[in-house]
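J.: Mind looking over this structure? Questions follow.
The values are calculated or read from the model by the stated rules, or taken from the named source; none is laboratory data. Bear in mind the structure is a predicted one, so any value in this text is a computation, not a measurement. Please note: Cβ atoms are built from the backbone with ideal geometry, for glycine as well, and neighbour counts cover all protein chains shown.
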Amino acid sequence: MDTTSSSSSPELATDEDGEVYGRLALVRAGILGLVFVLATCGNLFFLGTLWKKRKRNTRTQLFLSHLCLADLVVAFFQVLPQFSIEITHRFRGTDFLCRSVKYLQVVGMFASAYMIVAMTVDRYHAVCKPMVSFLKGSFRRYLSIGAAWLLSLAFSSPQLFIFSLQEVEENRYDCWATFIEPWGSRIYISWITVSVFALPAVIILYCQIRICTTIYFNMKRKALQAGRAGTKAVSNAMLKTVKMTFVIIMAYTVCWSPFFVVQLWSVWSPSSAPTQGPVFAIIMLLASLNSCTNPWIYLYYS
C-alpha cells in the first residue's frame, strides 16, 4: 500500500519483537487475503450484473463497469502484492516487476478516484444541465472515461523512476523508493494526496451538493402543484439521493483519509509519525476497503 517506500519490515531487535511482528504480519496477511477475495468477487459479480443488463444501456452502466475495472486493478496490483510481501517479508521479483507493480498500484488509486469523479460529473450534467447532457451526453461520457484512464496512467508514471530493486542489506534486495532529499518525498506525497484524494473529494462534494439542491427545488416546485401526494414523492426521492450522496462521500473519505494523513505525516514529521504497530497496519489496510465497498454501494442504490 505504501507508495513512498518498500513494504518490507525493518530488522527486529529481539526474538520477542520478532514473534510479535510475525503474529501481526499473519493477521495483516489474513485481512489482506480477505480484502482481495471480497474486492475481486464483489467487482466481478457487479460486472456480471451489468453485462446481463447491457441491453438497457443506462447512462451509469458504462461508468460502473470501468469503476469495477479500476477497483480490480487495485485488488490485483495493490492488495495482492502487499499480501505476498506480508508472507515473504521481502519483495520477490526483478527490477522490471518492482517498477511495474508500484506503477500499477498508483494507477489503480488514480483510476478508482477519477472514475467516481467522472460518474459524478456526468450525473451533475444529467440533473443540473439536462439539455446539454441530452445533446452531448454519449460523447462526453466516453471522453471523460478515456480522460480518467489517460490521466491515471500519466500521473502514475513517476513511480517507474522512483522505485527500483535495490540492495538493502548484503545479498538482500527489496523494492525501494529513492527521492531527492530532503524535499523530494514531501513534494511527491503532497502532490499525490492532492491529485488522488483532495481534489476528487472537492469535485465530488460540489457536484453532489448541486445535484441535491437541484432535485430539491425542482421537486418542491412540482410538489406545490401536485399537493400532498407530490410532497411524499419529493421526500422519498430526495431522501434516497441524500443517503446515496452521504454513503458515497463517507465511504470514500473514511477509507482514504487516514491513509493519506499518515503518508503526509510520515514525510513532513517522520520522527513522530506512526509507521509501525497495529494502528499503522489498520490504517494501511483501510484504504483498500474502498474497492470492496464501491460495487455494493452502487448496486444497492442503482
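J.: Name the pairs whose Cβ atoms lie under 8 Å apart, with the first residue in segment 271-283 and closer than 20 Å to Cys255 by Cβ, the second at pLDDT below 70 and of a type outside the set (Gly, Ala, Ser), and 6 or more positions between them or separate chains?
T.: Matching pairs, first to second residue: Phe280/Pro274; Ile283/Pro274.
J.: Among (1) surrounded by 17 or more Cβ atoms within 10 Å (Cβ to Cβ); (2) at pLDDT 90 or above; (3) not aromatic (Phe, Trp, Tyr), which single condition is Ala223 missing?
T.: (2)
J.: Another question, if that's okay. Could you list all residues from segment 129-151 that are surrounded by fewer than 18 Cβ atoms within 10 Å (Cβ to Cβ), at pLDDT below 80 and not aromatic (Phe, Trp, Tyr)?
T.: Looking only at segment 129-151, we keep the residues that are surrounded by fewer than 18 Cβ atoms within 10 Å (Cβ to Cβ), and these are 129-132, 134-140, 142-143, 146-147, 150-151.
Applying the additional criterion that residues be at pLDDT below 80 yields 129-132, 134-140.
Correct list: Lys129, Pro130, Met131, Val132, Leu135, Lys136, Gly137, Ser138, Arg140.
J.: Among helices (runs of 4 or more DSSP H) lying entirely in segment 106-223, which contain 2 or more residues that are of a type in the set (Val, Ile, Thr) and touching a His at 6+ places or on another chain (Cβ under 8 Å)? Full working, then the answer.
T.: On the way: elements: 130-155, 158-162, 184-192.
Helices (runs of 4 or more DSSP H) meeting the threshold: 130-155.
J.: Next up: Going through Cys68, Cys98 one at a time, which residue ends up being closer than 29 Å to Ile203 by Cβ and touching a residue at least 40 places away in the same chain (Cβ under 8 Å)? Working first, answer last.
T.: On the way: Cys98 fails: closer than 29 Å to Ile203 by Cβ.
The match here is Cys68.
J.: Between Ser257, Ser269, Ser291, which is at pLDDT 75 or above and in contact with an Asp or Glu (Cβ under 9 Å, 6 or more places away or on another chain)?
T.: On the way: Ser257 fails: in contact with an Asp or Glu (Cβ under 9 Å, 6 or more places away or on another chain); Ser269 fails: in contact with an Asp or Glu (Cβ under 9 Å, 6 or more places away or on another chain).
When all the criteria are applied, what remains is Ser291.
J.: Taking segment 69-96, which residues are in a helix (DSSP H, G or I), more than 24 Å from Leu24 (Cβ to Cβ) and of a type in the set (Val, Ile, Thr)?
T.: If the condition is that a residue be in a helix (DSSP H, G or I), more than 24 Å from Leu24 (Cβ to Cβ) and of a type in the set (Val, Ile, Thr), then Val73 is the only one that fits.
J.: Can you name the residue in segment 152-163 that is surrounded by 16 or more Cβ atoms within 10 Å (Cβ to Cβ) and under 18 Å from the mean Cα position of the chain (by Cα) and, of all such residues, is nearest to Tyr124 (Cα to Cα)?
T.: Ser152
J.: While we're looking at this one, here's another question. Among the residues of segment 105-112, is any in contact (Cβ under 8 Å) with a residue 40 or more places away in the chain and of a type in the set (Ser, Thr, Tyr)?
T.: Looking through segment 105-112, at least one residue is in contact (Cβ under 8 Å) with a residue 40 or more places away in the chain and of a type in the set (Ser, Thr, Tyr).
J.: Could you list, ordered by first residue, the pairs with Cβ atoms under 7 Å in which the first is in segment 151-175 and within 30 Å of Leu199 (Cβ to Cβ) and the second is among the acidic types (Asp, Glu), at least 6 apart or interchain?
T.: Within 7 Å, the pairs are Ser164/Asp95.
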